[in-house]
1. Checking the condition modelled with pLDDT of 90 or more and either open to solvent by less than 10 Å² (accessible area, probe 1.4 Å) or within 21 Å of the chain's Cα centre (by Cα) (or both), which residue from Asp515, Asp489 passes?
2. State yes or no: is Pro188 surrounded by fewer than 23 Cβ atoms within 10 Å (Cβ to Cβ) and not acidic (Asp, Glu)?
3. Can you tell me how many residues in the stretch 264-284 are open to solvent by 30 Å² or more (accessible area, probe 1.4 Å), closer than 30 Å to Ala180 by Cβ and touching a residue at least 60 places away in the same chain (Cβ under 8 Å)?
4. Determine whether Pro222 is surrounded by 15 or more Cβ atoms within 10 Å (Cβ to Cβ) and either without any contact (Cβ under 8 Å) to a residue 40 or more places away in the chain or among the β-branched types (Val, Ile, Thr) (or both).
5. Determine whether Gly505 is assigned to a strand (DSSP E or B), modelled with pLDDT of 85 or more and not basic (Lys, Arg).
6. Confirm whether Thr272 is outside any helix (DSSP H, G or I) and within 19 Å of Gly341 (Cβ to Cβ).
7. Scan the stretch 191-208 residue by residue and report those that are of a type outside the set (Val, Ile, Thr), without any contact (Cβ under 8 Å) to a residue 60 or more places away in the chain and either part of a strand (DSSP E or B) or open to solvent by less than 50 Å² (accessible area, probe 1.4 Å) (or both).
8. Could you list all residues from the stretch 391-429 that are farther than 26 Å from Asp340 by Cβ, in a strand (DSSP E or B) and open to solvent by 50 Å² or more (accessible area, probe 1.4 Å)?
Amino acid sequence: MVREPGDGGRLVFDLVDDDAGDPATPSVRARAADPADADGDGPGPDEPRSPSGRPDRRLRVLGPVAAVLAVVLGTGLAVEGARDEARMERMRDVHGGVADVSAPLTQTWRWEGLVGAREAVDEGRGSEVAVLGDVLVFQSDRELVGLSPETGEEAWTVPLGADPDCGPLGAAGWSRIATASLVCLAGPGEDRTVVVVGPGGQVSAPRDLAPEDTERYGPPRPGPDGAVLRARRTGPESAVDRGDARCTDTGECEGTVEAGQDLAVRAEDAVTGAERWSVEIPFRATRADQCNNWLGTSWDGSPNAVDLGQMIDPGVFGARVDPDLVQLYGCGIESAVTPDGEQLGTGAQPGRGGVDILSTGGFAEVMFDDEVRTVLYAADGRVVADVPGYALEPAVSDGSGSGTLLAMGSADAVLRAYDADGTFRWRTVTRAGGQRFLAEVAGTMLVMTGVGDVRGLDAATGETLWRWDGTEATGGYSEDHYVSQTFTDGESVLLVTENGSGGTGLVALDAASGDVVWEQHGEATQDGGLAQGFDTSLVAVDGRLLEVTPSGVRGLG
């Protein structure tokens with residue numbers, strides 16, 4: 001054994017055949033001279049001896065080497081353990097990151113109760129949640145509840161009052177739900193108050209919302225970054241031109257609404273009431289199916305509940321409020337506004353595109369016109385690239401890359417990879433349409449094709465490394481088998497699979513090799529294991545996987 005120069009003290013061992021013993025038995029020989037034999041007299045009287053009684057140099061050398069090997073191997077295991085701990089810790093802060101998915105899941109705890117406002121749950125709109133700090137947060141009737149993801153215990157609760165409305169919240173398993181704070185409105189009729197709830201359940205002093213502000217700026221709604229949002233249609237009603245837009249009694253609409261009123265959007269500080277920003281979104285000619293009054297939400301600026309004549313409502317609009325983006329849509333409206341008031345997404349016609357925030361801080365606007373294309377924006381709203389196809393980032397990532405986008409659905413059936421700033425990386429011919437970018441983990445991109453299989457692509461070159469056919473594994477059919485959600489622990493990728501008959505399952509794949517680590521299908525087990533039929537509203541909170549339903553939450557591990 002010797003330390004090789006320039007290797008930082010690396011220990012090197014030679015395994016050799018000892019010609020004095022069995023030629024098939026390797027022994028360890030030190031490269032350096034033996035100090036104990038420096039005088040040439042052979043082994044000393046206290047040295048290890050062979051079974052024949054003679055001092056045995058092999059045993060003398062193997063003793064200390066075995067001890068060193070034990071130390072070295074132990075150190076290696078310690079280093080590997082430290083790396084695993086670092087990886088698991090890193091995954092706690094990654095969207096969709098779970099500390100460990102190397103073994104099948106079982107129930108670790110269960111919290112039973114209402115998840116959502118009672119009216120929303122009654123209407124089938126429950127399971128809206130947020131991640132605030134390191135807890136899962138949701139409305140439970142007239143309370144805001146924070147659950148510990150480790151134990152399921154209530155970390156804190158905040159009473160809300162009558163008719164509560166908190167946000168930004170997102171559908172469990174389908175939205176980015178991590179937020180720095182929540183804004184909660186409560187109170188009957190026009191007597192509404194607002195509070196801001198921060199980490200640990202800290203609550204700001206309530207502020208009354210003046211009815212005259214509602215009349216002037218529009219009804220209030222919880223916004224991102226501790227803001228209250230308001231919106232209303234502006235301009236004369238005479239500006240409305242329904243054009244040739246018509247709807248049948250069954251709700252099928254055709255034609256175009258040619259002109260209408262603009263939309264004014266305002267954000268005010270929830271604590272002080274001071275205006276943070278305001279934008280004016282111009283009306284644009286819109287297909288009739290974007291002006292159907294079924295689109296109306298609590299933010300609907302039109303006084304018409306139902307237009308019995310033709311179901312066309314030129315004033316209808318709604319919004320999706322995420323922690324980092326406000327997306328507005330409706331008749332004549334298609335736009336997005338950042339929490340700083342930067343307006344994006346006016347390039348797409350209403351109903352023909354949309355904007356999503358990227359994990360790198362930028363934005364992607366997909367437009368479905370004659371050809372599908374994507375405009376990429378930097379975090380400050382600057383346009384950085386215009387690429388063919390719809391560009392997607394992975395549903396989950398191990399957080400080690402700089403951010404990769406895959407552009408799919410182009411007319412030439414080519415899959416293209418870009419950096420977040422629009423720099424082209426590589427291209428490859430697609431095998432089938434309707435693809436999804438499931439994950440980027442351990443240098444491998446997992447892409448699901450429209451025929452139901454998952455491919456692992458080399459993130460650097462696009463080369464196909466492996467293929468997993470989920471339809472064979474589950475016995476389903478390619479046309480109705482798909483992956484609805486993905487999670488990762490940085491080594492394996494957990495796929496939540498569904499099919500057209502309502503069957504669900506869990507499959508964990510090794511990201512590097514594509515090997516199946518484990519899978520769960522069939523009926524639920526008596527020991528709390530998960531299998532076919534479990535709810536697919538899964539979320540990752542502080543490295544732990546939780547299942548959310550309108551009637552409760554349970555921890556999985």
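The values are calculated or read from the model by the stated rules, or taken from the named source; none is laboratory data. Not measured: the values here are computed from a predicted model. Cβ atoms come from the backbone with ideal geometry, glycine included; neighbour counts cover every protein chain shown. These accessible areas exclude ligands, DNA and RNA; they are computed on the full protein's heavy atoms, side chains included. Shrake-Rupley method; radii C 1.70, N 1.55, O 1.52, S 1.80 Å.
1. Numbers: Asp515 fails: either open to solvent by less than 10 Å² (accessible area, probe 1.4 Å) or within 21 Å of the chain's Cα centre (by Cα) (or both).
One residue alone meets the criteria, Asp489.
2. Numbers: surrounded by fewer than 23 Cβ atoms within 10 Å (Cβ to Cβ): yes; not acidic (Asp, Glu): yes.
Judged against the criteria, Pro188 is a match.
3. So the count comes out to 4.
4. Details: surrounded by 15 or more Cβ atoms within 10 Å (Cβ to Cβ): yes; either without any contact (Cβ under 8 Å) to a residue 40 or more places away in the chain or among the β-branched types (Val, Ile, Thr) (or both): no.
The answer is no for Pro222.
5. Working: assigned to a strand (DSSP E or B): yes; modelled with pLDDT of 85 or more: no; not basic (Lys, Arg): yes.
So Gly505 fails the test.
6. Values: outside any helix (DSSP H, G or I): yes; within 19 Å of Gly341 (Cβ to Cβ): yes.
So Thr272 passes the test.
7. Within the stretch 191-208, the subset of a type outside the set (Val, Ile, Thr) is 191-192, 198-202, 204-208.
Next, from what is left, pick out any that are without any contact (Cβ under 8 Å) to a residue 60 or more places away in the chain: 191-192, 201-202, 206, 208.
Those that are of a type outside the set (Val, Ile, Thr), without any contact (Cβ under 8 Å) to a residue 60 or more places away in the chain and either part of a strand (DSSP E or B) or open to solvent by less than 50 Å² (accessible area, probe 1.4 Å) (or both): Arg192, Gly201, Asp208.
8. If the condition is that a residue be farther than 26 Å from Asp340 by Cβ, in a strand (DSSP E or B) and open to solvent by 50 Å² or more (accessible area, probe 1.4 Å), then Phe424, Arg425, Arg427, Val429 are the ones that fit.
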